[in-house]
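Some notes on the structure that comes next.
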Amino acid sequence: MRHNAAILELGPDDAALLRCGLESARMYFRTRPPVAAASRGVYIYRAGRAVEDWDSSPPCAAEVFRCMGKAARAALRAIARHLRLRSDVFDHLLDDTPLPANEVSSSVLVATYSHASLPNGKGAIGGGKAAASGEVEKGLLTLVSSDNPGLQVCDPNGRWYLADSSSAPGDLLLITGKALSHTTAGLRPAAFYRAASESSLGTNGGGRTSLAFRLMPQGNAILDCSPVAAAGHVIPHSYVPISVSQFMDDLSAVEEVMCNQPDTTYVVRNNLNKEPSLRSVLSDPLSGAFLEDAMLVSCGHSFGGLMLRRVLDSSRCTVCNAEIDAASLIPNLALRAAAAAVKHEDDRRLFHNSALRKRRKEMGDHTDPTRRSNRENGETTADDGLHRAVQYPFAVNEKVVIKGNRRTPEKFVGKEAIITSQCLNGWYLLKIIGSGENVRLQYRSLQKILNCQSIEDRCASQPIQHSS
């Protein structure tokens with residue numbers, strides 16, 4: 001709870017399955033041909049992915065994926081209950097279980113094998129760039145099972161400890177991620193972790209095999225903190241609703257800036273596709289808040305918010321790894337002014353968009369009856385320049401029927417539901433009447449409940465009108 005990491009003990013059947021999966025993964029990597037050594041002992045399994053003829057996965061990969069996925073969902077529900085939320089409040093972010101046909105899971109199972117002869121420069125989970133200050137998981141949470149301890153987690157005081165030192169091969173190490181941190185408005189911060197060196201472990205060089213299940217949200221889902229606010233928690237202004245795809249892109253941009261280079265120097269990549277956005281530069285990478293309290297440290301870099309606290313606790317810069325003197329901090333007034341200006345612009349744009357949507361809604365209420373009747377069944381696009389925006393006709397607590405589209409699961413088509421909340425870009429969160437299931441659908445797949453017989457009779461009695 002304090003370190004954002006925990007050890008989970010599974011039942012005897014699931015623990016035996018994980019031990020079998022670890023042993024099969026070890027044998028899989030040991031029996032690979034020499035040409036596969038370039039992969040450095042990493043295999044990624046994703047449920048629903050089409051398997052090529054040349055591709056082969058470790059035995060028990062599908063069974064381990066289902067077992068760890070079930071444990072990850074149970075842990076996510078436990079975290080929700082701890083925050084005084086419904087246990088299924090995060091279910092709309094996850095894949096359907098079981099997966100529909102021809103659909104690939106967002107979550108992945110990463111099998112890794114590291115030998116003492118390999119350079120200790122790989123990332124802690126699934127490879128990647130090494131970072132002296134540790135890595136952070138992007139998804140909701142990660143469960144790791146290994147046959148030897150080897151993962152260090154950073155505590156709130158900036159000290160690293162071996163998190164899985166007391167875990168058995170059938171146990172799981174839970175690590176929280178950035179997506180969960182944003183969805184809970186920072187109440188469950190993301191954990192920093194790194195791979196421990198062989199010298200600190202004191203192993204005999206036999207290597208380490210691990211299975212890591214990364215519970216990832218769907219790419220078209222929305223990370224929204226409204227359930228957390230409804231539970232009585234205070235939500236900072238920086239935690240605004242954002243799509244998962246945009247959230248992951250912003251994290252990738254921040255990683256390009258914060259990731260240490262091999263010579264531990266700060267290098268700006270001359271690549272327009274990888275340059276960070278202005279928002280990411282002027283925001284704290286840990287909390288997402290604007291750097292209105294930016295301080296200039298002795299090495300020349302600036303920090304604010306939670307990252308400044310981490311730098312002061314460790315007395316070392318997270319960018320250039322230089323030692324920091326806490327007594328030499330200077331307020332960075334220029335960076336503070338820039339962050340305040342961008343924040344003010346965001347607030348102004350947010351207010352402008354809200355006022356514009358309200359004005360369009362008021363103007364839409366005065367449309368002619370023909371357009372109003374068409375709007376009740378979906379989107380309405382007017383021919384004049386005043387109503388070119390798509391109208392979203394449904395409201396919260398409204399009763400609708402799911403007419404479905406090609407992406408709607410068949411089990412929901414034709415069902416009646418109640419709209420519980422409205423998301424961005426015309427998406428709605430609904431509760432199925434009768435079963436109580438929650439589903440997230442777009443407005444195009446919904447229809448208001450009307451007297452269908454009277455509508456058909458009225459349409460049949462009216463002749464088709466032609467206008468010039």
Could you please report the charge total around Ala78, scoring K, R as +1 and D, E as -1 over all other residues with beta-carbon less than 15 angstrom from its beta-carbon?
+4
Cβ-Cβ cut-off under 10 Å around Ala231, Lys and Arg +1, Asp and Glu -1: the net charge is +2
Arranged from highest to lowest average of other beta-carbon atoms within 10 Å per residue, in what order do the peptides 168-174, 100-106 appear?
168-174, 100-106
Spin-label model distance (nm) - Ala101 vs Ala16, 7 Å beyond Cα toward Cβ:
3.5 nm
Packing-based order for 321-327, 302-308, using average beta carbon neighbours within 10 Å, highest first:
302-308, 321-327
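Compute the length gained on full extension between Val396 and His82: take 0.36 nm times their separation in residues and subtract their Cα-Cα distance, giving the result in nm to one decimal. The partial results should precede the final answer.
Working: separation 314, 0.36 × 314 = 113.04 nm, distance 2.67 nm.
Residue separation times 0.36 nm, minus the Cα-Cα distance, leaves 110.4 nm.
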In a shell of Cβ-Cβ distance under 13 Å around Phe65, excluding Phe65 itself, what net charge do Lys and Arg (+1) and Asp and Glu (-1) give?
+3
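Ranked highest first by average number of other Cβ atoms within 10 Å, how do 416-429, 208-221 line up? All intermediate terms of the calculation are to be shown ahead of the outcome.
Numbers: 416-429: 16.8, 208-221: 23.1.
With the highest mean Cβ count within 10 Å placed first, the list reads 208-221, 416-429.
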Ser421's amide H: which non-local residues (gap 5+, or another chain) put their own amide H closer than 5 Å, with H modeled 1.01 Å from N in plane and none for Pro or chain starts?
Leu429
Label-point separation in nm, Arg49 to Ile432, each point 7 Å along Cα→Cβ
3.0 nm
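Readers should treat all values here as calculations from the given coordinates under stated rules, not as data from a laboratory. The structure presented is a predicted model; accordingly, all values stated were derived computationally and were not measured. Neighbour counts run over all protein chains shown; Cβ positions are idealised from the backbone, glycine included.
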